[in-house]
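Right, one structure below, let's go through it.
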Amino acid sequence: MIYASARHQGVDEALCEELKEYESSAAFTAAEKAAIRLADKMARDRTKVRDDVYTPLREHYTEQQILELAWRAAMFIGYGRLIVTLGIESVGQSCAIPAHRANYATS
């Protein structure tokens, strides 16, 4: 399920695998690593997003771009949590809520 949306949008398996060790990967630029670090920190430990995350971002992005990156990350983090909460197993044009979860949506 991890990276399902990325795979659905055409990201190949090799790049998905590189994400696991993005800090040491040559597949990503310093700017991309800074953006991934922000998203990773927001998803894992949102109370600890500090200057050590924002300083590298400011080397590559404007304040507006950082806001847009953070907003996009928040949307995808929320989307991922919704998928897990509802028990959706695939990503596509139409995602049916599994029967064992559907009764919660109507009560």
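The values are calculated or read from the model by the stated rules, or taken from the named source; none is laboratory data. Given the structure is predicted, the values throughout are model-derived calculations rather than measurements. Every residue, glycine as well, gets a Cβ built from its backbone with ideal geometry; the counts of neighbours run over all protein chains shown.
So the values come out like this:
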item: Selection within segment 1-52 - at pLDDT 90 or above, surrounded by fewer than 13 Cβ atoms within 10 Å (Cβ to Cβ) and closer than 26 Å to residue 89 by Cα; result: 21
item: Test for residue 28: is it part of a loop (DSSP other than H, G, I, E, B) and of a type outside the set (A, V, I, L, M); result: yes
item: Subset of segment 68-100 [of a type in the set (A, V, I, L, M), modelled with pLDDT of 85 or more and either under 12 Å from residue 35 (Cβ atoms) or part of a loop (DSSP other than H, G, I, E, B) (or both)]; result: 69, 70, 73
item: Top-ranked residue of segment 37-94 - restricted to ones that are without any contact (Cβ under 8 Å) to a residue 40 or more places away in the chain and of a type in the set (S, T, N, Q), ranked as nearest to residue 25 (Cα to Cα); result: 55
item: Unmet criterion (only one of (1) surrounded by 16 or more Cβ atoms within 10 Å (Cβ to Cβ); (2) within 26 Å of residue 84 (Cβ to Cβ)) for residue 66; result: (2)
